[in-house]
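One structure is given here, and the rest of the page talks about it.
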Amino acid sequence: MISDRQAPPQQPYGTAYERMLEKVRYEGAYPTRERADEAVRLVLAGLGRQLTGDERVALVGCLPLEAAHVLAEQIPDPQPRTGWSFVEDLAARTGASLATTRWDTGSVFCAVAACAGPDLLTRVLHQLPTGYALLFGRPELTQAA
């Protein structure tokens, strides 16, 4: 007979989300999967408040189900924020430092970029105000004159 202490741990998340959490945990050097999950939920909720239209729908479609729900549940802000303002807003919502919030954002966006692929990520970045490319680890995109 197996006691509760000997039972294998149950995974509350799907395999794709577990892989995403491991990527975020690795990229962010987080000590636990729970800390990575907190970062994912915070950053994706913020992104969900910024992204609209076809790019939002396409991004929701390529994220693991748990991550997609976090992004899709948000109501987009009427006035989009620049990349730095995005980080400031997340920091204000959590009480975390700007440096910690910037770290969380970069760690999560690295995993989001892997899910989205380069073409969709480029479309997403074209829709967002300035400053997001750097958060995704890309050079800032400039418009041709």
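Got a sec? Which of L121, L98 is of a type in the set (A, V, I, L, M, F, W, C), farther than 15 Å from A39 by Cβ and at pLDDT 95 or above?
When all the criteria are applied, what remains is L121.
Looking only at residues in the range 76-87 that are touching a residue at least 12 places away in the same chain (Cβ under 8 Å) and not small (G, A, S), which one is most open to solvent (accessible area, probe 1.4 Å)?
Applying the first criterion (touching a residue at least 12 places away in the same chain (Cβ under 8 Å)) to the range 76-87 yields 76-77, 80-87.
Among the residues that remain, those that are also not small (G, A, S) are: 76-77, 80-82, 84, 86-87.
Numbers: P76: 48, D77: 46, P80: 63, R81: 74, T82: 61, W84: 123, F86: 3, V87: 0 Å².
Result: W84.
Got at least one residue in the range 58-75 being part of a helix (DSSP H, G or I), of a type in the set (A, V, I, L, M) and open to solvent by 80 Å² or more (accessible area, probe 1.4 Å)?
So far as the range 58-75 goes, yes, one or more of its residues are part of a helix (DSSP H, G or I), of a type in the set (A, V, I, L, M) and open to solvent by 80 Å² or more (accessible area, probe 1.4 Å).
Report, by residue number, each residue of the range 88-99 that is open to solvent by 30 Å² or more (accessible area, probe 1.4 Å) and part of a helix (DSSP H, G or I).
Scanning the range 88-99 gives E88, A92, R93, T94, L98, A99.
Mind listing just one residue for me: the one in the range 100-121 that is over 19 Å from R41 (Cβ atoms) and in contact with a helix residue (DSSP H, G or I) (Cβ under 9 Å, 6 or more places away or on another chain) and, of those, surrounded by the most Cβ atoms within 10 Å (Cβ to Cβ)?
Looking at the filtered set, the residue picked out is L121.
From the list T130, T105, T142, which one is modelled with pLDDT under 95 and either in contact with an Asp or Glu (Cβ under 7 Å, 6 or more places away or on another chain) or part of a helix (DSSP H, G or I) (or both)?
Testing whether each residue is modelled with pLDDT under 95 and either in contact with an Asp or Glu (Cβ under 7 Å, 6 or more places away or on another chain) or part of a helix (DSSP H, G or I) (or both) leaves just T130.
The values are calculated or read from the model by the stated rules, or taken from the named source; none is laboratory data. The shown structure was predicted, so the numbers you read here are calculated from the model rather than taken from an experiment. When we count neighbours, we look across all protein chains shown, and the Cβ atoms used for this are built from the backbone with ideal geometry, even at glycine. These accessible areas exclude ligands, DNA and RNA; they are computed on the full protein's heavy atoms, side chains included. Shrake-Rupley method; radii C 1.70, N 1.55, O 1.52, S 1.80 Å.
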